[in-house]
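Right, one structure below, let's go through it.
Each reported figure results from applying straightforward, stated rules to the coordinates on display, with no laboratory input. Since we're looking at a predicted model, the values are computed, not measured. FYI the Cβ positions are ideal-geometry reconstructions off the backbone, even for glycines, and counts take in every protein chain you see.
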Amino acid sequence: MPLNVDTVYSASKTLVNKEQSGNFKPGLFNAIAVMANQDKFSEMVRVFQKTQTITDEMYPFLRKKPLIVPATGILPYPTDFCQFVVMKSKYKKDQSACASPVITEYLEGPIDILGNNQIGERLESGINAPTLKHGCGEQLNDGFHIYPLNMGTALLTYFKQPVNPKWGYTVGPNGLEVYNPATSTDFEWPWRSQNDLIRRICWYFGVNVREADIINTNQPPSP
């Protein structure tokens, strides 16, 4: 279940006011929440790049999509793409000539995403050339370049970009802001990420108002 943005804002305001640092207005919270959200996500991506381990916190951002590979072999990135995880091919299982009735089954095979110094050797290999059952490719600015060119379908697993959180509100008769869930956007992180996000938000607020006590109390952990 997504982490409610009103819960995070309320807790952040409580901590900020505890330090007697003034009112934490919605506009400032929304700007800081976006920075803290992206900061935490970037840190989690760096952990994945280093360990190739997907933590529970990252599952809300994990996507697996079947994509049609064009005849050019150039597979554009999904619009929300951020970090590659794995790619597989989808090919028809070999059928026995005697099988009746014929049932089409599909299997998955690896598509190795290689570096520039490896892809040429793989394409020119007489033993390990790319096939539908075991393809290869490289990641370039315009997308994935997949081989063989007739791959057809690729199953791409990746981390998507996080959406920007927003605390939406209306202004009441007394001039105070009132939470409006209809115009708000929740964090995508699971509930267990709440304390870390609040700490990061309070730290950014302390930097913004140059409040040393808040900065020292809520210093984010080193990646």
Given the candidates GLN83, ILE146, ILE127, the one whose Cα lies deepest towards the positive end of the charge dipole of the stretch 63-160, counting +1 at each Lys or Arg C-beta and -1 at each Asp or Glu C-beta, is GLN83
Reachable aspartates and glutamates, given that their alpha-carbon falls under 19 Å from the alpha-carbon of LYS166 and they are not under 8 places away in the same chain: ASP6, ASP39, ASP80, GLU177, ASP186, GLU188, ASP196
Within 10 Å, Cβ to Cβ, of LEU132, how many net charges do the neighbouring residues add up to if Lys/Arg are +1 and Asp/Glu are -1? +3
Net charge around GLN194, counting only other residues with Cβ within less than 15 Å of its Cβ (Lys, Arg = +1; Asp, Glu = -1)? -1
Once you charge only the Cβ atoms, +1 for Lys and Arg and -1 for Asp and Glu, what is the size of the charge dipole of the stretch 63-160 about its Cα centre, to the nearest 20 debye? 380 debye
Under 23 Å between alpha carbons, and skipping anything fewer than 8 positions from LYS90 in its own chain: which lysines qualify? LYS64, LYS65, LYS133, LYS160
To the nearest 20 Debye, how big is the dipole of the chain about its Cα centre, given +1 on the beta carbon of each Lys and Arg and -1 on that of each Asp and Glu? 180 debye
So if each residue of separation counts as 0.36 nm, and I subtract the Cα-Cα distance between GLN118 and VAL163, what length gain in nm does that give? 12.7 nm
Using only Cα atoms and rounding to the nearest 10 degrees, what angle (0 to 90) does helix 194-209 make with the longest principal axis of the chain? 60 degrees
Once both axes come from the Cα atoms, what is the angle between helix 5-18 and the longest principal axis of the chain, in degrees from 0 to 90, rounded to 10? 40 degrees
Which residue, ASN174, ASN17, ASN141, tops the fluctuation ranking in a GNM of the chain built on C-alpha contacts under 10 Å? ASN174
Extended-chain gain in nm, criterion 0.36 nm per residue less alpha-carbon gap, THR14 and ALA129: 35.3 nm
Local charge sum around ILE113 (other residues, Cβ-Cβ under 13 Å, Lys/Arg +1, Asp/Glu -1)? 0
Could you tell me how many degrees, from 0 to 90 and to the nearest 10, lie between the Cα long axis of helix 26-51 and the main elongation axis, the longest principal axis, of the Cα atoms of the chain? 40 degrees
Using helices alone, what [θ] at 222 nm do you get for the chain, with -39,500 (n - 2.57) per DSSP H run of 4 or more residues, divided over all residues and rounded to the nearest 500? -10500 deg cm²/dmol
